[in-house]
Every structure is written in structure tokens, then in C-alpha cells.
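Data block below; observations after.
The values are calculated or read from the model by the stated rules, or taken from the named source; none is laboratory data. Given the structure is predicted, the values throughout are model-derived calculations rather than measurements. Ideal geometry is used to build each Cβ from the backbone, glycine not excepted, and the neighbour counts take in all protein chains shown. These area figures cover heavy atoms from the full protein model, side chains too; ligands, DNA and RNA do not enter into them. Shrake-Rupley method; radii C 1.70, N 1.55, O 1.52, S 1.80 Å.
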Amino acid sequence: MIARPIRNRPMLKRFFAAFLLAAVLPAAAADRPAKELFGAAEAPAPLAARSIGTYARGCLAGAALLPVNGPAWQVMRLSRNRNWGNPVLVDFLERLAAKAPSVGWNGLLVGDMSQPRGGPMSSGHASHQIGLDADIWLTPMPKREFSYDEREKVSAVSMLARDTLSVDPAKFSDKQFGILRLAARQPEVERIFVNRAIKKALCERATGDRSWLAKVRPWWGHDYHFHVRIACPRNSPTCKPQAEPPSGDGCGAELQSWYAPPPKPTKPSKPKPPPPEITLKDLPPECAQVLVAK
Ligand SMILES: [Zn+2]
């Protein structure tokens, strides 16, 4: 029998991670919420670039920074220091931005990507942990450069009509349609999350090839930005891919299900206790190494 390579032995990895935790991190760190540990990291882990774990439970080594300005993008909310990603994501965003003007979209206003070492975020977002997710505003980039202050304070605009069932046609135009379709057609893109009303608007407007609609998934919120998720890249052997989205455009029963009235509670429901905080032990063992790497 051929011995399996060491990197495939989770026991050994776990042992190594436990050793590393005990040796390098203060004893209490392993039990602290991982969002505090990763939220405190100001610079990326100087290791080979790779996304580790799942989109909602993992971390990021060797992150690259998306520059705050590019020919067709500007990064918003700079104080958050969340314009980090797998170099493959940074490269993807730069290429998407370059193509945006071809669909009448002046450029991308980029919101949260990942923290310098990924991991759970100190606020907001369950995912965005492995440097493969990016939020892009549904407001096009202005012709001028925003100041630092404007990037903190300018409000994003909701695309929804007052009843939240549909988009407001004065806000959601062919331009938003164009940038969403362009993004969904990129081969690296795994999923795009938008509000149900935006998915409905895309379903109503799409003509010709509708296959790209499969990747555009309804989700809560996401009415002032869309969330692009790219697939696990080749540089990341321990990135865990998601199941492919269901085939079909998702404009029938699936979209309808987002408009179904919530089921009536049969008995008075007790408020659910909040889910336990994610700690380092809940993340892939490699993430301990990512956290302490100098
Ligand atoms: Zn997002």
C-alpha cells in the first residue's frame, strides 16, 4: 500500500495546529471568538496565497490588496480594511472593472471583500472568509474620484420600490441589468447574490441566452449591492467548493418561493438562542498557522 502524503492526514494537521496554538497563541486565544482574532489582523499572512475552508468558515493566506483606485473602480469604506482577497479575486475584479464600460457601467464601487487574513468578520457577513467574495454597489462609479471621507459617508442606494416586492424602475435600469449580466457571464463566477426583487427584474428583462441567470441567486438584503462569489481557484487545494447552483434560470417556482408568505407559527415561538460564536477550533487547522504567520 502506498503511504498517503502527509498533507492528506487530518490527524497530523490537527496535532500540528494544536501544537501551534499552544506554542504561539496565548492559551485563551483558542476559545476567543475567531472574529476578534481575525478582525485584529492588519496585514496578510506572508505565506503562499490560498483560500482555506469554505466561504463561511475558513481563512485566507497570502492575500492581495485591491488598490483603492483603478482605471474603472474605487474601493469604498476604506477604514474597514476589507479590500483583500485571493490574488485570483483581485485579478478578476480588475478585469471585470475593465469590461464594465462596455455595458454602459462607468466603473465598480467595491465594498467589502475579505479581511487581510480572511476569517470571520468583526461585523456583518457570514461569508467573505476566504478571499473569494466581493460586494459591488449597484450604484455606478462617479466620473470623479471620491475623497476618503466620501467613501466612508456616501450612502448606497436601495434598488427596491417602496413595497420591496419589485425594483424601483427609476433606480434599477438597463445599466444595473447590464453589469449584473456581465458579471454572471464570467466563467470564474460561481454565484451572485441579489435581493429577490432584483432577481425578478432580471428574469423579466433577460432575452436570448438565459443560462447566466442560474448563477444569480436570491438572498436577503442585497438590494443596494450585489455579492460576487468566485469558484475555488487552482492555487487553493484546501478550498471547499459549494454545490453547483440548480440548473435552469431559477425564475419559476424557486423565485416564487421567495414570495411565499411565512408559515404561521403553530405555537408561540420562543426566541432562539444566538448560535455559538465561531472559534479558531471551528475553522480548518491551517487557519491557526495563517493567524500567527509572521
Ligand atoms: Zn457580500
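Treating only the Cβ atoms of Lys and Arg (+1) and Asp and Glu (-1) as charged, compute the dipole magnitude of the chain about its Cα centre; round to the nearest 20 debye.
Working: 41 positive and 26 negative charges, 138 e Å.
It works out to roughly 660 debye.
Please give the calculated 222 nm ellipticity per residue for the chain, where each DSSP H segment of at least 4 residues contributes -39500 (n - 2.57) and the sum is spread over every residue; nearest 500 deg cm²/dmol?
On the way: 8 runs with 73 residues, N = 294.
About -7000 deg cm²/dmol.
Surface composition of the chain: carbon and sulfur atoms hold 60% of the protein heavy-atom accessible area at a 1.4 Å probe. Amide H contacts under 5 Å for D112: D135, restricted to partners 5 or more places along the chain or on a different chain, H placed in the peptide plane at 1.01 Å from N. When the chain is modelled as a GNM with alpha-carbon springs shorter than 10 Å, which of V110, V157, V194 fluctuates the most? Comparing V110, V157, V194 in a Gaussian network model of the chain, the most mobile one is V157. Remark: segment 161-171, residue by residue, has Karplus-estimated 3J(HN,Hα) of 6, 4, 7, 6, 8, 10, 7, 8, x, 6, 10 Hz, where x stands for each Gly or Pro and the curve is 6.51 cos²θ - 1.76 cosθ + 1.60 at θ = phi - 60°.
Segment 114-188 and segment 55-93 have Cα centres spaced 14 Å apart.
According to the calculation over all Cα-Cα pairs in the chain, the P(r) per 5 Å bin from zero is 1, 5, 11, 14, 16, 15, 13, 10, 7, 4, 2, 0, 0, 0 %.
Compute the angle between helix 196-205 and the longest alpha-carbon principal axis of the chain, please, reported from 0 to 90 degrees and rounded to the nearest 10. Taking Cα atoms only, the helix is inclined about 50 degrees.
Provide the net charge surrounding W84, with neighbours chosen by a C-beta distance below 15 Å and charges set as Lys +1, Arg +1, Asp -1, Glu -1. Each step should come with its number before you reach the end.
Working: positive: R50, R77, R80, R82, R117; negative: E42, D91, E94, D112, D133, D135.
Residues near W84 contribute -1 overall.
The HN-Hα couplings worked out from phi for segment 57-63 by the Karplus form 6.51 cos²θ - 1.76 cosθ + 1.60 (θ = phi - 60°) are 7, x, 7, 9, 9, x, 5 Hz, whole numbers, x standing for Gly and Pro.
When only C-alpha pairs under 8 Å and at least 6 residues apart count, what is the relative contact order of segment 93-209, in percent?
Numbers: 115 pairs, mean separation 26.1, N = 117.
Relative contact order of segment 93-209: 22 percent.
Close amide H pairs (under 5 Å, H built 1.01 Å from N) link H225 with L138, residues at least 5 positions away or on another chain.
Only Cα pairs under 8 Å and at least 6 apart count here; give the relative contact order of the chain as a rounded whole percent.
Relative contact order of the chain: 23 percent.
Packing, as the average of other Cβ atoms within 10 Å across residues, places the peptides 234-246, 37-49, 76-88 in the order 76-88, 37-49, 234-246, highest first. The alpha-carbon atoms of segment 195-294 define a convex hull whose volume equals 199 cubic angstrom per residue. In the full protein context, the chain carries 52 Å² of accessible surface per residue, based on a 1.4 Å probe and ignoring ligands, DNA and RNA.
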